[in-house]
Ligand code: PRX
């Protein structure tokens, strides 16, 4: 990995080069990948439309970079180690050679089912190796994957399928998560009642849950593989893709409307995830790397599949949950496979911390060399526990700040190479030019300052558009500040110039590291027949980071407890269990300005229990509403 930065001087040098001459910098890094045809221009861009092109004119296939190019030297290196939900079930290892064979085989299955370059494929699978195979098989033939996290509801799947007009769905009969069985196929069946574009559903056997198969539409994964086997030639040459061809769509929530399909393209995403994986974690050949995320989120796309595989790493994926069969499961896995690098989320750390040290103390964690954190700010207590109990004080911690839209890490310590401070994402990676902006659109220079975090210059892994709605992409990310990508996060820059992310500055919540749009949850709650209006805010939650607090105006004469349960069910049905409010407070009115806008600031303060700092309430239509809300909130304190 010739582009690995080895010490702080090299970091400073790389950073300077990346700013002084970004094209040369990224061109040299891209030379470390396999191209069928080299690019004409490293970068063309403007942030006004926006129009961003990296490595334009280049031809490649990302799967050749993730698979074929490793075969000659490292074909027998494990690419994927899979740990099942139930520790008594056998684990699986797929070497690079085996993974390539399986990807080619399944790519042929897709072709047999009429999937062509540019077609969209929805993948709704549990965390099994076939999920990686399905993702890479799409990329092999140039189909665009849209992976939907297994916790999302039928309605959410239908919305995503319809938005991207997916032609095919890949799912399984069910999925194991702890003691639960998720009925994935039956959820897909419900979703497809609303989807016209889907022609075929490929169903993998995992749980042997009884399901119905619809004639002409549904086929079994295993049967399709057999067909390919009898067809003779198992190979599937990689489709030649343009650098800027779409690789995948991944939906993410924002402050308004339905989730949007973030579009990542082929070459820039590949270069950026490979570069950041190798650098942030300082991966060394032969090491076992364990990212605990689900492939349904960007972390799984970039740092279970594409980043590690493009670097020939061994990527461990885990089907289950951190608390099954007990709260020592992650550490059992570290011990069992001698994991060298673990990458997890603060919410998992906090929840495991709460179970006590007895689940850690008897495990051999001596193989660990680097720890990673992602998804939300990590509080100091969790950072210290991670550092002392898991890393035994000897493993650097990379607190990686980035977003679905970014493709890969933007601000993070490089493990053991650049400095670290608990709670800080620290310094930008080479190629990343962060800045802080004030309310009036001016850049805040200097240190020991806070502002809205923006990025001034493109990096190869950034989103290119939002599927089917470029204007929404422009509005959301490029319209707030001229010629800047706006992250939606607030940030503090310390006297030393270190960055600390302080959380979202928009109406987006971060619940257990998952992004949840308040408008989305409100719309779901408002679907309930007894609900007149609702407002959602976040509040500090000891494990989830943020909890969801719902203020609901309901019809008269409701049975409060029953309606609460009904509302929770409605949210689960329309979005998924991850969006369920932790607290539902019924109110008779919401605090509104004279123009009818809900004053969320006040609701947030009440939810946080910060009653002494409610601020000015004199502009409200009816200031007495606030007193009633405060009174009602006492029930939940
Ligand atoms: O608020 C930031 C927070 O998560 C948001 C991005 O969410 P998502 O697109 O779902 O991606 C999560 C995984 C990359 C950001 O806007 N966030 C993510 N990582 C951190 C973070 N906040 C603080 N520190 C982090 N390390």
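The values are calculated or read from the model by the stated rules, or taken from the named source; none is laboratory data. Everything numeric in this text was worked out from a predicted model, so none of it was measured. Every residue, glycine as well, gets a Cβ built from its backbone with ideal geometry; the counts of neighbours run over all protein chains shown.
Screening residue 3 against (1) closer than 29 Å to residue 241 by Cα; (2) in the same structural domain as residue 177 (by the TED database); (3) at pLDDT 95 or above leaves a single unmet condition, (2).
Can you tell me which residues in segment 301-319 are touching a strand residue (DSSP E or B) at 6+ places or on another chain (Cβ under 7 Å) and within 18 Å of residue 411 (Cα to Cα)?
303
Counting only strands (runs of 3 or more DSSP E) that sit wholly inside segment 381-469, those with at least 3 residues that are away from the ligand (no atom under 13 Å from the Cβ) are 434-437, 449-455. Under the condition of being farther than 18 Å from residue 402 by Cα and surrounded by 21 or more Cβ atoms within 10 Å (Cβ to Cβ), the residues counted in segment 439-495 number 1. Just one of the listed residues (579, 519, 529) is within 27 Å of residue 294 (Cβ to Cβ), out of contact with any strand residue (DSSP E or B) (no Cβ under 7 Å at 6 or more places or on another chain) and not assigned by the TED database to the domain that holds residue 190, namely 519. Any chance segment 124-132 includes a residue that's touching a helix residue (DSSP H, G or I) at 6+ places or on another chain (Cβ under 6 Å), part of a helix (DSSP H, G or I) and buried (at least 24 other Cβ atoms within 10 Å of the Cβ)? Checking segment 124-132: at least one residue is touching a helix residue (DSSP H, G or I) at 6+ places or on another chain (Cβ under 6 Å), part of a helix (DSSP H, G or I) and buried (at least 24 other Cβ atoms within 10 Å of the Cβ).
Being more than 30 Å from residue 390 (Cα to Cα), away from the ligand (no atom under 16 Å from the Cβ) and in contact with a strand residue (DSSP E or B) (Cβ under 7 Å, 6 or more places away or on another chain) narrows it down to one residue among 239, 222, 287, 244; which is it? So that I can check it myself, show each step before the final result.
On the way: 239 fails: in contact with a strand residue (DSSP E or B) (Cβ under 7 Å, 6 or more places away or on another chain); 222 fails: in contact with a strand residue (DSSP E or B) (Cβ under 7 Å, 6 or more places away or on another chain); 287 fails: more than 30 Å from residue 390 (Cα to Cα).
From the options 239, 222, 287, 244, the qualifying one is 244.
Listed by position, the strands (runs of 3 or more DSSP E) contained in segment 47-106 that have at least 2 residues being without any contact (Cβ under 8 Å) to a residue 24 or more places away in the chain and surrounded by fewer than 19 Cβ atoms within 10 Å (Cβ to Cβ) are 92-95. Scanning segment 290-348 for residues that are away from the ligand (no atom under 16 Å from the Cβ) and assigned to a loop (DSSP other than H, G, I, E, B) yields a count of 16.
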